[in-house]
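The structure follows.
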Amino acid sequence: MSLSHLHPARVAAHCALAVLTLCGTAPAPALAGVDDHLVLPLHVAGADLEAANPALLAARRYATFWHTGEPRYAEAALAPDFLDRTLPPGRTQGRQGPLQASLAFRAAVPDLSAELEDVVIAGDRVSVRLRFHGHFTGHFGTAAGAGQAIDFQAFDLYRIAEGRIAENWHLEDNLGLMQQMGLAARQ
């Protein structure tokens, strides 16, 4: 696998995870087939960069869901009784909410990708900063995209229970996103 397209810190993180796994420090992935291609964080603070860390693993699974849109990653990351504590109007509570949000957003930005830039772990809390990229070539409500570049951030705080995200508080740069899509005036 070539890592030349990755940021140098991501290459270092990938190598550290590989060394930990090869040395027997990290056990085999808990969910074979799901954990094979998880996104790597650019920066991690507050915990060992260990593949087996349940909080880090949950954050990586959820970031991979946003990166790929594949429901299996959300199902692996989110607790069965998952609660979105900053539920946007119209979004379904529980696991279905993020799945619906991903489908709707990918209808507008089919080439959406997400980078896990920062992860801070403290006990059962994980704070993450995600950066989303893509192009508005689809439809968002009644608006049609014209290929506008999309680049915005989201900040999340997770509570981890039994290795999964039980609660999520999140804040996205929705104004910046709407401006990039041409749906809100730039100031």
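Among the strands (runs of 3 or more DSSP E) lying completely within region 31-140, list those that include at least 1 residues that are of a type outside the set (D, E, K, R), out of contact with any Asp or Glu (no Cβ under 9 Å at 6 or more places or on another chain) and surrounded by 22 or more Cβ atoms within 10 Å (Cβ to Cβ).
Those strands (runs of 3 or more DSSP E) span 78-84, 113-122, 125-136.
Going through ALA114, ALA166 one at a time, which residue ends up being hydrophobic (A, V, I, L, M, F, W, C) and out of contact with any helix residue (DSSP H, G or I) (no Cβ under 7 Å at 6 or more places or on another chain)?
ALA166
If I ask for residues that are over 19 Å from VAL119 (Cβ atoms) and loosely packed, with under 15 Cβ neighbours inside 10 Å, which ones from region 163-181 would you list?
Hits for region 163-181 are ASN174, LEU175.
Can you name every residue in region 141-169 that is in a strand (DSSP E or B) and at positive phi?
Answer for region 141-169, where residues must be in a strand (DSSP E or B) and at positive phi: there is none.
Could you check region 141-158 and list, in sequence order, the residues that are surrounded by 15 or more Cβ atoms within 10 Å (Cβ to Cβ) and either at pLDDT below 95 or over 15 Å from the mean Cα position of the chain (by Cα) (or both)?
Correct list: GLY145, GLN148, ILE150.
Under 8 Å by Cβ, and 6 or more places apart or on different chains, what pairs join a residue from region 91-117 that is under 17 Å from VAL39 (Cβ atoms) with one that is surrounded by 19 or more Cβ atoms within 10 Å (Cβ to Cβ) and among the basic types (Lys, Arg)?
LEU116/ARG60
Restricting to region 120-147, count the residues that are closer than 23 Å to HIS170 by Cβ and polar (S, T, N, Q).
So the count comes out to 1.
The values are calculated or read from the model by the stated rules, or taken from the named source; none is laboratory data. In this text the structure is predicted, and so the values were computed from the model without any measurement. Because the Cβ atoms are built from the backbone with ideal geometry, glycine has one as well, and the counts that use them run over all protein chains shown.
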